[in-house]
Amino acid sequence: MFQVDPGESKKRLDQYLAQKCLPFSRSRIQRIIDEGLVTVNGAEEAASYKIRGGDLITVLIPPPAPSADNPEQMDLNIVYEDETLLVINKPPKLVVHPAPGHRSGTLLNGLLGHLLKETPPDNEEGPPRAGLVHRLDQDTSGLMVVGKTPEVLDHLMGQFKDRQVSKSYIALVIGVPPSKRGTIDAPIGRSSGDRKKFAVTASGKPSLTRYRIMKTYREGYSLVDITLLTGRTHQIRVHFQHLGYPLAGDPVYRKRGGKEETQFPRIMLHAARLGFTHPVTGEEMAFSSPIPEDMQGAIDTLTETAP
């Protein structure tokens, strides 16, 4: 627990904690904040929160996963790579970070194994580090950007925080929303009934999702193009469940009593487009990824309605 000295007022919360919680990097601190493990005067705040003298800040730092630094050989689908960053196309079912029940075989382990192959034998900077800038759920497929150096990682994290990164998804939802286009403006926070879930709640963080219906199907589904204007955990899943159109194949946020969906092998969600500014060159980078085979195969079982 930390009590803010009046002389440190107006600092960002993540900046303050990065100075206090050495040796954790600012990006690690930001992830801890996003996971709801930091409170200010008993309430969760964003990383950008400006601290004030007298604030009581509590930090619950999770124990490191035993295999978090273990490189593993893995067949990664690398879309782009240079000396400072890489963009990958994550397959479904691949866990991003080591966690209880997934101590190995994660994307992080595979990235470390890939970077280790690039490290010269006489490298004096120690083992390679993979800076995961953002996350995708285990069942979500699609594009992710990874920083190779602390400076590039911090720059990319800043772009995400400042909403300078474009992220678009393709999802299959249950039902047909009445509007072909719309914006969902509903704050998201942890569910009061289940701390592992998130929900639309008055005390949540501002959350914006823009969508466009691409296709509809006779069986009662819609294929939707989604752009995230904020980046909350489970944002798409929570927002569409809140509207009454949960994602097909979602075992957590699907409405209780809804139809069983045995034809869907996983959550029907794919990170299809990603755009950001290269931290070193300043070039505008844009990537796209087609719907993967498992998701497309499930969609192909449906009958498209006339436009």
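The values are calculated or read from the model by the stated rules, or taken from the named source; none is laboratory data. This is a predicted model, so every value here is computed, not measured. Every residue, glycine as well, gets a Cβ built from its backbone with ideal geometry; the counts of neighbours run over all protein chains shown.
For residues that are part of a helix (DSSP H, G or I) and among the β-branched types (V, I, T), scanning just segment 5-39, find the one that is farthest from R52 (Cα to Cα). In this case the residue turns out to be I32.
Tell me whether segment 203-218 contains one or more residues that are surrounded by 13 or more Cβ atoms within 10 Å (Cβ to Cβ) and touching a helix residue (DSSP H, G or I) at 6+ places or on another chain (Cβ under 6 Å). Checked against the condition, which is being surrounded by 13 or more Cβ atoms within 10 Å (Cβ to Cβ) and touching a helix residue (DSSP H, G or I) at 6+ places or on another chain (Cβ under 6 Å), segment 203-218 yields at least one hit.
Do we find a residue being among the polar types (S, T, N, Q) and part of a helix (DSSP H, G or I) anywhere in segment 154-164? Scanning segment 154-164 turns up at least one residue that is among the polar types (S, T, N, Q) and part of a helix (DSSP H, G or I). Screening N109 with (1) modelled with pLDDT of 90 or more; (2) not in a loop (DSSP other than H, G, I, E, B) gives one miss only, at (1). Across segment 165-194, the qualifying residues are those that are part of a strand (DSSP E or B) and among the hydroxyl-bearing types (S, T, Y), and the one among them that is farthest from the chain's Cα centre (by Cα) is T183.
When R273, R256 are checked against the criterion of being at pLDDT 95 or above and surrounded by fewer than 21 Cβ atoms within 10 Å (Cβ to Cβ), a single residue qualifies: R273.
Of the residues contained in segment 195-216, one or more are found to be outside the structural domain of L136 (by TED's automatic domain parsing), closer than 21 Å to T301 by Cα and not β-branched (V, I, T). Taken as a whole, the structure leaves E72 outside the set of residues that are at pLDDT 90 or above, farther than 17 Å from S25 by Cα and not assigned by TED's automatic domain parsing to the domain that holds P206. Selection of segment 195-245 for residues being part of a strand (DSSP E or B), in contact (Cβ under 8 Å) with a residue 60 or more places away in the chain and charged (D, E, K, R) yields K205, K215.
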